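One structure below.
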Amino acid sequence: MADDASDAGPVSEPLDLVKLLLDELVFVKLRGDRELKGRLHAYDSHCNLVLGDVEETIYVTEEDEDEEETPDVRTVSRKSEMLFVRGDSVVLISPVPQS
């Protein structure tokens, strides 16, 4: 039976994937053109996250008066020692590739 939990491996629910990322570097995409990279310390069922050693990148779109040109996009970066992220702003949680 497909619903039998005994047949499932270590991942049986979507948040089980996040559990595998505890104490690992993660990439988090947020609403509002924001991205985070940091170490995942904790999470809950609402996808609230606690990240450490965080680098936040904000993409700011600057539109000129001339609408025919594509808008300029600049990035603003800042670092935080510890950050709480509210789950309703989280779009994506992914491991950071090892380099």
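Full extension of the segment from ARG34 to GLU62, taken as 0.36 nm per residue of separation minus the current Cα-Cα distance, would add 8.5 nm. Among 12-21, 36-45, the peptide with the highest mean count of other Cβ atoms within 10 Å heads the list, and the full ranking is 36-45, 12-21. With helices as the sole contributors, the chain gives -1500 deg cm²/dmol at 222 nm; each DSSP H run of n ≥ 4 counts as -39500 (n - 2.57), and the sum is divided by every residue. Judged by the mean number of other Cβ atoms found within 10 Å, the most tightly packed of the peptides 75-81, 26-32, 51-57 leads the ranking 51-57, 26-32, 75-81. Hydrodynamic analysis of the chain uses the Kirkwood radius over alpha carbon pairs. Inserted into Stokes-Einstein at 10 °C and 1.306 mPa s, it gives a translational diffusion coefficient of 103 µm²/s.
Mean separation of Cα pairs under 8 Å and 6 or more residues apart, divided by the residue count, gives the chain a relative contact order of 28 percent.
Cα-based values for segment 12-60, radius of gyration first and Dmax second, are 11.3, 38 Å.
Rule-based calculations on the coordinates, nothing more; no lab input. In this text the structure is predicted, and so the values were computed from the model without any measurement. Using ideal geometry, Cβ is built from the backbone for each residue, glycine included, and neighbour counts are taken over all protein chains shown.
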